[in-house]
Number of protein chains: 2
Amino acid sequence: MVLMSAAYKFSYRVNFVKPSPIRTLVSKISAISATRKVVSFAAGEPDPNVIPRDLYSTILGKVLHEEAKSCNYSPTEGLPSLRKSIADFMWRYEGVKTSEDNVLVTVGGSQAIDLLGKLFIDPGDHVILENPSYVNTMVDWEFYGARLVGVGVDAEGVDTQNLEAVVKRLLSEGRRVKLVYTIPTGHNPAGVVMSEDRRKHLVEIASRYDLLVVEDAAYNHLVYEGSYKPLSHYDKEGRVVYVGSFSKVLGTGLRIGWLNASSEIVEVVKAIKGPSDMCAPVPMQLLVDRVLREGLYDQIKRRAVEEYARKRDTMMSALDEYVQGAVYNRPRGGMFILLKLPVDVDSEVFADRLLEKYSVAVVPAKPFYLDDSGRSSIRLNFTMVKADEIEDGIKKLGLLIRELA
Amino acid sequence: MVLMSAAYKFSYRVNFVKPSPIRTLVSKISAISATRKVVSFAAGEPDPNVIPRDLYSTILGKVLHEEAKSCNYSPTEGLPSLRKSIADFMWRYEGVKTSEDNVLVTVGGSQAIDLLGKLFIDPGDHVILENPSYVNTMVDWEFYGARLVGVGVDAEGVDTQNLEAVVKRLLSEGRRVKLVYTIPTGHNPAGVVMSEDRRKHLVEIASRYDLLVVEDAAYNHLVYEGSYKPLSHYDKEGRVVYVGSFSKVLGTGLRIGWLNASSEIVEVVKAIKGPSDMCAPVPMQLLVDRVLREGLYDQIKRRAVEEYARKRDTMMSALDEYVQGAVYNRPRGGMFILLKLPVDVDSEVFADRLLEKYSVAVVPAKPFYLDDSGRSSIRLNFTMVKADEIEDGIKKLGLLIRELA
């Protein structure tokens, strides 16, 4: 089949299609992994050995046997029982009082973000996000015609003073500004956690300028130091849409996430989700519901947090020992360390060379930036790599940096 | 939370959001079912008792134990092993020679249809479909700005002579016509199967006028009489995108479907799928892959086809006995009988009254039509209802018709 049909060429939308830089890299890594051993810091996933897969199979055995409709559709918005469990979860783990009517179950947090973009973004709308931000949200929302405006991030998260100034300027220029997208805890790729003051300030800004905030809470449950309330906790006006995910603790492959929002927003998201994919996978919904109801989530999460904190420390020590002159953070949450190389090199070229020469995979941070400031930065993941491979991988990273210096 | 924020009101897209008429009905049916017994002909799903759930739990136990990454992401396009199994399936069951590079695994067939709309439809594009057609595709594609143009259906499927005339007229008026959407086998809601001649003709039309055909093959594997090749079988130019689904045989809740298309189309769909939901649920991908590889699909399908053929016959006999003057088809495939009431009544009013008075649920066919011709038609499902409830439900349907005559 060789067609590039007129129908295909005709679509102006095709111009917006960019292959995800991460996914392209992942394909390359797997191709190379087939021929030799690769130490990969490129993932954004939990360690498969931390996921209690045998427990899951016991639970699935039970639900498939007991629940007659476990392999039929659920309501679009998710199983009533799971929505209730998630509402309880929001209170217990996030200090957010909500009800099942405010919860909509999605195919991972990603789908919630996609549906919000599909619903709210008209071509030409301005969307404010952190610079850097999560590249998949950027690509997905640009497809809907969003103009992305980035605001810098420091150790306390996004600079909300600057963010307010940007909103003011855009509005004074007559631009439509609707959405702010933020990853307040364990930022991907910056690895930082937003301070409480800034969280409150961002919610105030949303109220003052009549904006909606999409709070990507994917990493909220991997916190190694301190404890943080989500933006939704400070929100009294329904201006924050909380996008939750079980991916980073229970497993990315289950594809169970949710959003928590005003019931008006839930209703309209539901109306577009139904025709687009009916519902989230039902055996996976039942699995997550049982994990929550039987009080198993706590222990799964505790084990993950302990394991990843240890791996993070191993990586920090190795960086301190083998990588001189680079700038990097010590993440209090999430899965990532953002590292600015001490040499002036394009991070995509660097990542390629590191993979080719030393069989170490990292993600170039460049595609996560809206400007050139991330040109020489890379993203390091410490959760999926084997603990005993971290030092070796970081040592090689240091070697390449010295060669390029 | 009470907000209707500016961001919400601003979006012109919100004007395109219509709650799915089927999903609204389903909510109503479940509310009533909580207080009294309802005989439901409203579903579009397999019988839960025909789905081998205990077999699934044995397989899931194995894959979760054996496959270390069973709960992590798969590639966006699906597990390589499943893509290969599906390519083999396409040859074995559909007579379509293809390869894994032409297969992309999706969250049910629905997601494939949504992604194709997202990719190909620019606002104002004309899309040709059967009248009636599947309401979810209509709602989903309208959201992307499609103008839907319907072509009538008879016992041989869509009238392709008429379809060609419509395409010609639109093109001569300077309209952009890109896509044709069709459900050739076990049409939803019409219940008909397209003849071989018309299949060939439709593929010719696509070639002649440079169109893409989206072939919704959801019901291709529930065929009770005859055997039919998909449009893709006749396609030599990659003009047909085959949308497959395991929902109707293996279970709608698994959310595993796929598309088979030219590798150019697969690449670009993959590029937009990645950021929107990463991948289809991985334990479910592994389950389906094992079912196919271990040769279990045949027996599951055989049992489903036998069971549903019997139920169809029960429903046909009951209709012949209790419902006089109505027009309905004897479906050779799929899950539905489309019935034109012998009384001039709005099918939504009729369905409401039947549910309220007799606790029998049917789907009004009106929302599946682009004009008023389905005003007095209803859709009856014979697969999910219990066999021993069919006669009673149809008897009550006949009663209400007589009351309204």
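The values are calculated or read from the model by the stated rules, or taken from the named source; none is laboratory data. Owing to the predicted nature of the structure, the values given are computational and were not obtained by experimental measurement. Neighbour counts run over all protein chains shown; Cβ positions are idealised from the backbone, glycine included. We work out accessible area using only protein heavy atoms, side chains counted, and drop any ligands, DNA or RNA first. Shrake-Rupley method; radii C 1.70, N 1.55, O 1.52, S 1.80 Å.
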Just tell me how shielded B:136-144 is by partners: mean number of partner chain Cβ atoms within 10 Å of each residue's Cβ, no decimals. 3
Are there trypsin sites (Lys or Arg not before Pro) in the stretch B:142-175 that DSSP marks as loop and that have at most 15 other Cβ atoms within 10 Å, and which are they? B:Arg175
Kirkwood hydrodynamic radius over Cα pairs of the protein assembly as shown, then Stokes diffusion coefficient at 10 °C and 1.306 mPa s, in µm²/s: 58 µm²/s
For the stretch A:69-296, which whole-number percentage of the solvent-accessible area (1.4 Å probe, protein heavy atoms only) is attributable to carbon and sulfur atoms? 46 percent
Shortest first and in nm, the label-point separations between B:Asp313 and its counterparts in the other identical copies (7 Å out along Cα→Cβ) come to 7.1
Rounded to the nearest 100 Å², the accessible area hidden between B and A, summed over both chains at a 1.4 Å probe radius, is 7700 Å²
Would you kindly state the longest site-free stretch of chain A, with sites defined as GluC sites (Glu not before Pro) in a DSSP loop (not H, G, I, E, B) surrounded by at most 13 other Cβ atoms within 10 Å? A:1-172
Prolate/oblate/rounded call for chain A, Cα gyration tensor, a/c under 1.5 rounded: rounded
Just to confirm the numbers: B:Pro123, label point 7 angstrom along the Cα-Cβ line, distances to the other copies in nm, shortest first? 0.7
With r defined as the distance between the Cβ atoms of B:Ser227 and B:Arg303 and R0 fixed at 22 Å, what FRET efficiency is calculated, to the nearest 0.05? 0.75
Counting heavy atoms of the protein chains only and a 1.4 Å probe, report the per residue accessible area for the protein assembly as shown as a whole number of Å². 34 Å²
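Write out the trypsin sites (Lys or Arg not before Pro) in the stretch A:202-246 meeting two conditions: DSSP loop, and at most 14 other Cβ atoms within 10 Å of their Cβ. Intermediate results must be reported in sequence, preceding the final value.
Details: sites: A:Arg208, A:Lys236, A:Arg239; in loops: A:Lys236, A:Arg239.
In loop regions of the stretch A:202-246 (DSSP not H, G, I, E or B), the sparsely surrounded trypsin sites (Lys or Arg not before Pro) are A:Lys236.
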When chain A is modelled as a GNM with alpha-carbon springs shorter than 10 Å, which of A:Leu259, A:Leu231, A:Leu116 fluctuates the most? A:Leu116
Sum up the charges of everything whose Cβ sits under 12 Å from the Cβ of B:Ile86, counting Lys and Arg as +1 and Asp and Glu as -1, but leave B:Ile86 out. -2
A:Asp344 label points, 7 Å along Cα→Cβ, one per copy: pairwise distances from this copy to the rest in nm, shortest first? 8.4
Output the pairs from A:Lys270/B:Lys37; A:Lys178/A:Lys340; B:Lys248/B:Lys311 with a Cα-Cα distance over 21 Å in this structure; if there are none, say none. A:Lys270/B:Lys37; A:Lys178/A:Lys340
The stretch B:72-295: antiparallel bridges as % of DSSP beta bridges, rounded to 5, reads 35 percent
Count the DSSP beta bridges whose two residues both fall in chain B, then state the antiparallel fraction as a percent rounded to the nearest 5. 50 percent
Which of B:Leu119, B:Leu380, B:Leu82 ends up with the largest GNM mean-square fluctuation for chain B, with Cα atoms connected below 10 Å? B:Leu119
Provide a list, ordered by number, of residues in the stretch B:38-58 showing at least 20 Å² less accessible area with every protein chain present than when their chain is taken on its own, using a 1.4 Å probe. B:Glu45, B:Pro48, B:Ile51, B:Arg53, B:Asp54, B:Ser57
Mean separation of Cα contacts under 8 Å, 6 or more apart, over the residue count of chain A: relative contact order %: 23 percent
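Counting other C-beta atoms within 10 Å, and keeping those with at most 15, which DSSP coil trypsin sites (Lys or Arg not before Pro) do you find in the stretch A:24-58?
On the way: sites: A:Lys28, A:Arg36, A:Lys37, A:Arg53; in loops: A:Arg36, A:Lys37.
Those satisfying the criteria are A:Arg36, A:Lys37.
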Can you give the % of DSSP beta bridges in the protein assembly as shown that are antiparallel, to the nearest 5? 50 percent
Based on DSSP H runs of at least 4 residues, each adding -39500 (n - 2.57), what is the mean residue ellipticity at 222 nm of chain B after dividing by all its residues, to the nearest 500 deg cm²/dmol? -14000 deg cm²/dmol
Going down the list A:Lys28/B:Lys84; A:Lys84/B:Lys301; A:Lys62/B:Lys62, which pairs span over 24 Å between their C-alpha atoms? A:Lys84/B:Lys301
